[in-house]
Amino acid sequence: MRSIALGVSLFAVSVGAANAAGKLNLYCAAQEEWCQVMARGFEDATGIDVDMTRKSSGETFAQVKAEESNPKGDVWWGGTGDPHLQAAEEGLTEPYVSPMRDQLHPWAISQATSAGDRTIGIYSGALGFGYNSDLLAANGLTAPACWEDLTKPEFKGHVQMANPNSSGTAYTTLATMVQLFGEDGGFDYMKRLHANINQYTKSGSAPIKAAGQGETTIGIVFMHDAVAQTVAGFPVVTVAPCEGTGYEIGSMSIIAGARNMDEAKQFYDWALSAEAQNLALEVNAFQVPSNMGAQTSDKAPDLSSIKLIDYDFKKYGSSDERKRLLAKWDSDVSTLPQ
Amino acid sequence: MRAITSEKTTHPVLIFWIVAGWVGFVLLPWYGVEEFWFLEWLTDGWPTDSDYAPGAFLLGQGEKPWLWPLVPALLAPLLVLQRRKTDPVFAYVLLAAGGFGFAWLVAQGLGIGIRGWTADWLAALFGPLEDRQYGMGYGALIVASAFLFLFTQGIAARGAINGDVFVTGAIGGVIAVVTIFVFFPIAKMLAAAFITEEGGYSIPLFFAKFFDNRIWGLGCLSGTRCGVAWNSLFLAVLVGVLTTLLGLVFALVLTRSGFRFKRELRAITVLPIITPPFVIGLAIILLFGLSGAVTTWVADLIGIRPTRWVYGLPGILIAQLLAFTPIAFLVLIGVVEGVSPSMEEAAQTLRATRWQTFRTVSLPLMRPGLANAFLLGFIESMADFGNPLVLGGNYDVLSTEIFFAIVGAQYDQGRAAILSMVLLGFTLAAFYLQRFWLGKKSYTTVTGKGDAGVHPQMPRGLAIPVYVIAALWGTFTLIIYGMILYGSMVQLWGVDNTLTFKHYITAFAVRFEEGGIRWVGSAWDSFWTTMMISTVAAPLTAAVGLITAYLLTRQDFAGKRSFEFGTMLSFAIPGTVIGVSYILAFNVPPIEITGTGLILVISFIFRNMPVGVRAGIASMSQLDRSLDESSLTLGANSWQTFRRVILPLLRPAILAALVYSFVRAMTAISAVIFLVSARYDMATSYIIGRVENNDYGLAIAYSTTLIFVMLAAVGLLQLLVGRTQIGRRLAHEQGGS
């Protein structure tokens, strides 16, 4: 039994009645509830047992990398695209072309082609910011509508964002500014923004949680995270910046050397279906699904009304470009006095 | 008496380990079996199916030929059963058989993995290998232990440590497990510091990264920011000193005052230790944050805008003082209680005032406690991860930097390894400083001679500030916990303050149906796993810790100092590093235990063992060696002495170790994040998931439940372990106060 599971699973065909249903080790990097409904949904749809472990994207990447020589997970579902691209670059994930591809938005496919088919887009979410309306009023500030507004002197000490060195969200912000305003203009913007930042948090969604609790006025985050705060009952208003903005592509990859490769591919195809992606409506997930037939929550920010830049995931997802931009941010921006 | 044992020709211990070795080799599955304890393997093809076959059957079927050299090593000890212990052949055979067998097991385990040879040079040397092997199972484990203890019996027979089989075995065992579960994974992790991006090794790169300005910069002296190393160091020293002082204050109130509600005070002081991470941080934000109750109240009072003052050093300091004072207290209470009243009474008889007595007698005798408490506070602060994450603001510290070097956008394990080395360097320095300060003085006061005194009360000049500080800190702790309890029962903390029990119901609902109780709450799975793992880990942790402490204080052997530091190592390293290093080391054969509950138990044992060691050392250095000696002279061997004399006198240390390891197993987070799996999810990792999902109410309700469960557990442990009876009078009224 064990050696079958351990063996080169490409050739491991499910044998015997006990094994017919199979099982799947799912590494899930989205929020807990979403992970739960995905795992249970797949079990209901196929009868395959799912062992789901939920971790943040970075933690999942670290685990997949540490387990490289003896993989324990089969599919890595969810979480922002950069770690998936990084894993693809390092050969930690398996190329796979799903028959479901013709149902997907072009951005989901382009994520796959830029990674040599080792990953694929499952949802996307635009970058933006949210503010705490109570605090804004208490401080007598006008509501910001554009990226440029955040650098106004009256917002000094009111803006919070994550540290791009530790958070994929903040790195997306940096890369967005570089693409929106050009490299010099982007860094100039980051420097002016730096003067208003009250804290660079470690985790990407922390700024909007702080805004929800009234610990900062404005937090720069993915807009779906800001909407989740509002839905949870906090006085948070979500803003799509007027200049346009970048976005993330939440991704899915099959782990190279997965022990349950057949089940992994089954999950992969299922997770791209409209039916599976509609499960997001049951939990508070406000991203845009990658299947064109799937529904988007009515509370989610409407991507068609947001000016999205043509984000170059291949270039800005590569580790060389990332290292260069982060080093430049470290030396030119983070060392400035505030 | 010793002379008699060494003339005997029956060696019960030797026979035991020889039998164990053969049982492991002939009966138990050699390789790892999933769900071993369900014993399904017994009916599923054992003993011939190669997945479940014992080593002997594998060889009999012509498989795994590299196990053949183990057979002579198992046979050899049988030849010396009839010989005397003093016979040189006895010792040599055991040394050779045990040493060779153990070394061969390690070598074949490291050399042959799931893809055949694990290194290219092995394939070049021996030619290609078509076979492979998985992680070792119980069979291999028991055979390895047998070899190890045969080897230590050989050492004992050569006359080391007075030929004491128990002590040599204990030293060998502890060294082996610490090497396997501390040194090996950490070395594997730290090696990343020298690896370049291309995969080669580079020393200059290491130095370039090591002397990075982000680590050692002194910008804070000139208006910008300082490097993380200085931040961490400053914070850790501050926390070490202040927790020691606060711990001492509480220990003094409990032992040297007429305070009436000692029991309640004791409960309050240990409360923070049983609090899951993030909860204290959240409570502090609710009190002192920008929109916090206290901040807005004070700002209104003096007419200024509320500020984010708490984020940064002040916030981390408050949270860490709350969290780590109990540890200092637990170490100090044992020591402060242990200082013999006869000494203090002698001083008073010699007409010393209370103040003189305290300053020149009591306080110096408490030095081992103070030093160990400081060391623990320092190290805990260095390795703490949750509080800086929540309250750190822009005050970066090593532990969070390490975490985000691994899981952050940079994916830079090398940087994590280098930062860990800096952290280890500081810990090492603190450790040696502590040794230097303690010096070679004797702190022995429990001598077994008449010792029926009562501790004198504190001098008045000291008592007043001590009372004030204890009262203030106690009240503060109570307020924080009041906030937490309240937070678990409101709809949405800070926004909608309607009282509700819904969070508890979501987490812990049960339904009574025919056929029993159904645990429908969403938290039950992780709750039971956590309970089970903590319950298994706690006694093992205490045992390993106290045996180590005993060896360190009572026995002399070569390499004792580095051994002592080695036992502190896993504690000093942040959990994140431990977590990742455990995956790196234990996801592949020979020891393949990722995804099991075992890896959680083991990580807890070796992470929390140092507290047992420290508490044990602090208490044991107070016990006079003449106690051991008289026991030995009366014919007991060292195991009996340890069991009957030392152990009962160590009850406070045992309790501290048990409580601490149980509680830490329930509240640890940073190492656990990497080690939990679908089947073994822990409470803390569940709570973090909830916090990330904005379910603060549920997270806090779960934490509150855990607090009560742990309170009950601590009470139960206190009952089970009991108090040390040193034969002192109990009440002060009868004493000379």
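Throughout, read-outs are computed from the coordinates displayed, never taken from laboratory work. Note that the structure is a prediction, hence the values are computed from the model and not measured. Neighbour counts are summed over all protein chains in view; Cβ atoms, including those assigned to glycine, are modelled from backbone coordinates with ideal geometry.
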Residues with amide H under 5 Å of B:Met136's amide H, sequence separation 5 or more or different chain, H placed in the peptide plane at 1.01 Å from N; which? B:Gly32, B:Ile591, B:Glu592
In chain B, what is the volume of the convex hull around the alpha carbon atoms, normalised per residue and reported in Å³? 200 Å³
Taking 0.36 nm per residue of separation between B:Val26 and B:Ser202 and subtracting their Cα-Cα distance, the length gained on full extension comes to 58.7 nm
Counting residues in the protein assembly as shown as N, plug N into 2.2 N^0.38 Å and put the Cα Rg over that result. 0.98
Plugging the Kirkwood radius over Cα pairs into Stokes-Einstein for segment B:467-594, at a temperature of 37 °C and a viscosity of 0.692 mPa s, what D comes out in µm²/s? 162 µm²/s
Mind giving me the FRET efficiency for A:Ala45 and B:Leu719? R0 is 56 Å, r the Cβ-Cβ distance, nearest 0.05 is fine. 0.60
Got a sec to turn the phi values of segment B:504-512 into Karplus ³J(HN,Hα) couplings, 6.51 cos²θ - 1.76 cosθ + 1.60 with θ = phi - 60°, whole Hz, x for Gly and Pro? 5, 5, 4, 7, 10, 5, 10, 10, 9
If we count trypsin sites (Lys or Arg not before Pro) as exposed when they sit in a DSSP loop and have at most 15 other beta carbons within 10 Å, what is the longest stretch of chain A that avoids them all? A:1-155
Over segment B:2-163, what is the relative contact order in whole percent, taking alpha-carbon pairs under 8 Å and six or more residues apart? 33 percent
When all Cα-Cα pair distances of segment B:582-656 are considered, the percent exceeding 19 Å is 54 percent
Length gain on complete extension for the stretch B:Phe436 to B:Ile469, per 0.36 nm per residue less the alpha carbon to alpha carbon distance? 8.9 nm
Going 7 Å from the Cα of B:Ile195 toward and past its Cβ, which residues in segment A:237-278 have a backbone nitrogen under 16 Å from where you end up? none
Net charge within 13 Å of A:Cys28 by Cβ-Cβ distance, Lys/Arg positive one each and Asp/Glu negative one each, not counting A:Cys28 itself? -4
In nm, to one decimal, how far is the modelled label at B:Met343 from the one at B:Phe512, with both set 7 Å along Cα→Cβ? 5.8 nm
Sequence-distant residues sharing a close amide H with A:Phe222 (under 5 Å, placed H): A:Gly128
Run the quick spin-label model on A:Val37 and B:Ser562: label points 7 Å from Cα toward the beta carbon, then report their separation in nm to one decimal. 5.8 nm
Highest GNM mean-square fluctuation among A:Pro153, A:Pro95, A:Pro106, for chain A with Cα springs under 10 Å, belongs to A:Pro153
Rounded to the nearest 20 Debye, what is the dipole magnitude of segment B:2-163 about its Cα centre when Lys and Arg each give +1 and Asp and Glu each give -1 at the C-beta? 1060 debye
Can you find, among B:Thr307, B:Trp297, B:Val249, the residue farthest towards the positive end of the dipole of segment B:190-315? Put +1 on the C-beta of Lys and Arg, -1 on that of Asp and Glu. B:Val249
Relative contact order (%) - criterion: Cα under 8 Å, at least six apart; region: segment B:590-686: 43 percent
Calculated Rg and Dmax of segment B:335-393 using C-alpha coordinates, Å: 17.8, 55
Calculate the FRET efficiency for B:Arg305 and A:Val231 from the Cβ-Cβ distance with a Förster distance of 35 Å, rounded to the nearest 0.05. 0.70
Can you sort B:Tyr660, A:Tyr200 so the residue with the fewest Cβ neighbours within 10 Å comes first? A:Tyr200, B:Tyr660
Distance in nm between pseudo-label sites at A:Glu90 and B:Asn213 (7 Å out along the Cβ direction from Cα): 2.8 nm
Going by how many other Cβ atoms sit within 10 Å of their own, how do B:Arg263, B:Arg690, B:Arg518, B:Arg83 line up, fewest first? B:Arg263, B:Arg518, B:Arg83, B:Arg690
Can you tell me the dipole magnitude for chain A around its Cα centre, using point charges on the Cβ only (Lys, Arg +1; Asp, Glu -1), in Debye to the nearest 20? 500 debye
Going through segment A:234-281, which GluC sites (Glu not before Pro) have at most 13 other Cβ atoms within 10 Å and a DSSP loop state? none
Give me the number: length gained by fully extending B:Arg460 to B:Leu363, i.e. 0.36 nm times residue separation minus the C-alpha to C-alpha distance, one decimal in nm. 33.4 nm
For the protein assembly as shown, with the dipole built from +1 on Lys and Arg beta-carbon atoms and -1 on Asp and Glu ones, taken about the Cα centre, which of B:Ile379, B:Ile195, A:Tyr123 lies farthest toward the positive end? B:Ile379
On alpha-carbon atoms, Rg over Rh for chain A using Kirkwood Rh? 1.00
For A:Ala145, net neighbour charge (Lys/Arg +1, Asp/Glu -1) across residues whose Cβ lies under 12 Å away: -2
Here segment B:84-99 yields Karplus 3J(HN,Hα) values (6.51, -1.76, 1.60; θ = phi - 60°; whole Hz; Gly and Pro given as x) of 7, 5, 7, 5, x, 4, 3, 5, 5, 5, 5, 4, 5, 5, x, x
Between A:Gly204, A:Gly22, A:Gly125, which gets the highest mean-square fluctuation from a Gaussian network model of chain A, Cα cutoff 10 Å? A:Gly22
If you place +1 on the Cβ of every Lys and Arg and -1 on the Cβ of every Asp and Glu, how big does the dipole about the Cα centre of the protein assembly as shown come out, in debye to the nearest 20? 5080 debye
Under 16 Å Cα-Cα from A:Lys65, which aspartates and glutamates qualify once same-chain neighbours fewer than 8 residues away are excluded? A:Asp74, A:Asp82, A:Glu89, A:Glu90, A:Glu94, B:Glu197, B:Glu198, B:Asp412
Shape metrics for segment A:22-73, restricted to C-alpha atoms - Rg then Dmax, Å: 11.6, 32
Helix-only estimate, please: 222 nm mean residue ellipticity of chain B, summing -39500 (n - 2.57) across DSSP H runs of length 4 or more and dividing by its residues, to the nearest 500. -20000 deg cm²/dmol
Compute the longest continuous run of chain B that contains no exposed GluC sites (Glu not before Pro); treat a site as exposed when its DSSP state is not H, G, I, E or B and it has at most 16 other Cβ atoms within 10 Å. B:199-513
List residues of segment B:282-326, by number, whose backbone nitrogen lies under 19 Å from a label position 7 Å along Cα→C-beta of B:Phe259. B:321-326
Roughly how many whole Å is it from the C-alpha centroid of segment A:116-166 to that of segment B:230-260? 42 Å
Helix-only [θ]222 nm of chain A, DSSP H runs n ≥ 4, -39500 (n - 2.57) each, per residue, nearest 500: -11500 deg cm²/dmol
Just flag the chymotrypsin sites (Phe, Trp or Tyr not before Pro) in segment A:59-123 sitting in loop per DSSP whose Cβ has no more than 15 other Cβ atoms within 10 Å. none
Of B:Ala699, B:Thr43, A:Phe155, whose Cα points farthest to the positive end of the dipole of the protein assembly as shown (charges on the beta-carbon: +1 Lys, Arg; -1 Asp, Glu; origin at the Cα centre)? B:Ala699
Tell me, what does the Kirkwood hydrodynamic radius of segment B:2-163 come to in angstroms if you use every pair of distinct C-alpha atoms? 16.9 Å
Give me B:Trp22, A:Trp147 sorted ascending by neighbouring Cβ count inside 10 Å, so fewest comes first. B:Trp22, A:Trp147
Would you mind checking A:Lys23/B:Lys64; B:Lys209/B:Lys560; A:Lys156/A:Lys202; A:Lys72/A:Lys323; A:Lys202/A:Lys315 for any pair whose Cα atoms are more than 26 angstrom apart? A:Lys23/B:Lys64; B:Lys209/B:Lys560; A:Lys72/A:Lys323
Computed E for B:Trp639/B:Val241 - FRET, C-beta separation, R0 41 angstrom, nearest 0.05: 0.55
Find, to one decimal place in angstroms, the Kirkwood hydrodynamic radius of segment B:101-239, where the mean of 1/r is taken over every pair of different Cα atoms and then inverted. 19.8 Å
